Amino acid sequence: MAKPKRRYICQACGSVSHRWQGQCADCSEWNTLAEEAPETVFSAKHDLSSGGRKIMFEALDAPGEALVRRSTGLAEFDRALGGGLVPGSAVLMGGDPGIGKSTLLLQAAAAIARSGANAVYISGEEAAGQVRLRAARLGLGDAPILLAAATSVRDILSTLAGMPPPALLVIDSIQTMHSDQIEGAPGTVSQVRASAFELIRYAKESGAALVLVGHVTKDGSIAGPRVLEHMVDVVMSFEGERSHQYRILRSIKNRFGPVDEIGVFAMEGAGLTEVGNPSLLFLSGREQPVAGSAVFPAIEGTRPVLVEVQALIVRLASGATPRRAVVGWDSGRLAMLLAVLEARCGLNFSSAEVYLNVAGGYRLTDPAADLAVAAALVSALADKPLGGDSVWFGEVSLAGEIRPVAHAGVRLREAAKLGFARAFGPADSTGAPKGGKFTGLSLLPNLVDRVVGG
């Protein structure tokens, strides 16, 4: 009988290799190949083309029971989900250790349990007593949550089969779950994939909303193969700096709603509290105008959020190598914007250190932030504060043109709601009001003239 072949699976990307090597050939990560149990003779020769039961096909317009979303009791959580939990859905939530994932899900489970529905919380990392201590600290000790500490998927599914399906099932975390049908330690690719598959199948068949907590790697991506993200319906990322008070729950993938929606929370002693108007949170502490500070109206899904962009220019002695440091924005885009300012506007940043920061630990990916960053850089270079009642938005091209961006009207309405009387953006912005409140700019030199000339 031929000896079964060994298989090595990358823990980062899920690629398969038949020999061990230090570096994965597909994702170039080091020391991520782990051996998977070889196929048995039965599994290699078993034919699945016969012996099964026939399945029934349905038309797309066939009448059926409409799925009603269930509120988590947290409006910001519901917003990020697209309106609430869908029965039978599988949600994968990732985030840095200690960011507040378990706290958020414990609060959501308590709200659902107090509403009269069953909520099951399975902890694989903490003992039940530790979870009860956290619940007592959060004031949730009297919530009728069904709590258990377990890691065996067989034990969990056997227990759930003997009771009515819960409205919410939380697994904290999927990397600690273990299936006795698969060889290997918990956390390996094969164990994570098999455990998640069995739990998701239970959620689809029973109608329970499943939330899986996932560990993240050093670069912030969810640990394990990408196939786990394809298996679930919703992928969420809980972001924020542990040194800062607030957290952002971001929807990355959502089969039942829009992506890029965010929910904003503030971490306090009694747990996570909702932030209904995050713009006030990100703009706090702006009493006096300071050079190098510009306000940018960002769009996260359907929600406008005003954030502050801060720039600092430090002149160096001749011959010293300048430094470029960026927090909350793309460093490559900053290098491009500095090159455009030098080539198209005649400004000199080559002998100065440039520091750029998005206040409050917020991370910007919107290309419309180009104009606000450019305004902050020019203001810091000229040491002239921008107007404290103005916002800036627009995309900057390599030719120095200021291009229009989406949702200009939504951005301006949010700025006006918070008391910003003036706005600067692309000259041909759709939805921008006509008059003295909005000033259209077509070229980047127009911005430089306005900032430097006062």
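Scan segment 295-319 and report the pairs whose first residue is on the phi > 0 side of the Ramachandran plot and whose second residue is open to solvent by 50 Å² or more (accessible area, probe 1.4 Å) and not aliphatic (A, V, I, L, M), with Cβ atoms within less than 8 Å and a gap of 6+ or a chain change.
Cβ pairs passing all conditions: Gly301/Pro258; Gly301/Asp260.
Only residues that are within 19 Å of Glu300 (Cα to Cα) and open to solvent by 10 Å² or more (accessible area, probe 1.4 Å): list them for segment 410-428, please.
Correct list: Val410, Leu412, Arg413, Glu414, Ala416, Lys417, Leu418.
Restricting the search to segment 137-161, which residues are out of contact with any Asp or Glu (no Cβ under 9 Å at 6 or more places or on another chain), open to solvent by 70 Å² or more (accessible area, probe 1.4 Å) and not β-branched (Val, Ile, Thr)?
Once the filter is applied, which keeps residues that are out of contact with any Asp or Glu (no Cβ under 9 Å at 6 or more places or on another chain), open to solvent by 70 Å² or more (accessible area, probe 1.4 Å) and not β-branched (Val, Ile, Thr), segment 137-161 yields Arg137, Asp142, Pro144, Leu146, Asp155, Ser158, Ala161.
Where in segment 261-363 are there strands (runs of 3 or more DSSP E), lying fully within it, with 1 or more residues that are open to solvent by less than 70 Å² (accessible area, probe 1.4 Å) and in contact with a Pro (Cβ under 7 Å, 6 or more places away or on another chain)? Give the derivation first.
Details: elements: 262-268, 271-274, 293-300, 303-315, 324-327, 352-358.
Answer list for segment 261-363: 262-268, 293-300, 303-315, 352-358.
Let me confirm something: among Pro186, Pro258, which residue is at pLDDT below 90, in contact with a strand residue (DSSP E or B) (Cβ under 6 Å, 6 or more places away or on another chain), open to solvent by 40 Å² or more (accessible area, probe 1.4 Å) and over 16 Å from Val170 (Cβ atoms)?
Numbers: Pro258 fails: in contact with a strand residue (DSSP E or B) (Cβ under 6 Å, 6 or more places away or on another chain).
On inspection, the qualifying residue turns out to be Pro186.
Which residues, counting only those in segment 105-122, are among the small types (Gly, Ala, Ser) and either open to solvent by 10 Å² or more (accessible area, probe 1.4 Å) or modelled with pLDDT under 95 (or both)? If you could, list the steps in order and put the result at the bottom.
Let us first name the residues in segment 105-122 that are among the small types (Gly, Ala, Ser), namely 108-111, 113, 115-117, 119.
Matches in segment 105-122: Ala111, Ser115, Gly116, Ala117.
Identify the single condition in (1) under 25 Å from the mean Cα position of the chain (by Cα); (2) under 28 Å from Ala266 (Cβ atoms); (3) hydrophobic (A, V, I, L, M, F, W, C); (4) outside any loop (DSSP other than H, G, I, E, B) that Leu371 does not satisfy, given that it satisfies every other one.
(2)
Out of everything in segment 124-136 that is open to solvent by 30 Å² or more (accessible area, probe 1.4 Å) and part of a loop (DSSP other than H, G, I, E, B), what residue ends up being nearest to Arg201 (Cα to Cα)?
Glu125
Let me confirm something: among Leu212, Leu228, Leu199, which residue is surrounded by 20 or more Cβ atoms within 10 Å (Cβ to Cβ), within 20 Å of the chain's Cα centre (by Cα) and in a helix (DSSP H, G or I)? Please lay out each step first, then the result.
Working: Leu212 fails: in a helix (DSSP H, G or I); Leu199 fails: within 20 Å of the chain's Cα centre (by Cα).
Answer to the check: Leu228.
Check Val391, Val373, Val378, Val405 and return the single one that is of a type in the set (Val, Ile, Thr), touching a strand residue (DSSP E or B) at 6+ places or on another chain (Cβ under 8 Å) and closer than 14 Å to Leu334 by Cα. Break it down into steps so the answer makes sense when it comes.
Values: Val391 fails: closer than 14 Å to Leu334 by Cα; Val378 fails: touching a strand residue (DSSP E or B) at 6+ places or on another chain (Cβ under 8 Å); Val405 fails: closer than 14 Å to Leu334 by Cα.
After applying the criteria, what remains is Val373.
Test Ser237 against the stated conditions and say whether it is closer than 10 Å to Ala80 by Cβ, among the polar types (S, T, N, Q) and either open to solvent by 30 Å² or more (accessible area, probe 1.4 Å) or not in a loop (DSSP other than H, G, I, E, B) (or both). Don't jump to the end; show me each part of the working.
Values: closer than 10 Å to Ala80 by Cβ: yes; among the polar types (S, T, N, Q): yes; either open to solvent by 30 Å² or more (accessible area, probe 1.4 Å) or not in a loop (DSSP other than H, G, I, E, B) (or both): yes.
Criteria met by Ser237.
The values are calculated or read from the model by the stated rules, or taken from the named source; none is laboratory data. Small disclaimer: the values here were computed from a predicted structure and weren't measured. Note: ideal-geometry Cβ built from the backbone for every residue, glycine included; neighbour counts use all protein chains shown. SASA here: full protein model, heavy atoms, side chains in, ligands and nucleic acids out. Shrake-Rupley method; radii C 1.70, N 1.55, O 1.52, S 1.80 Å.
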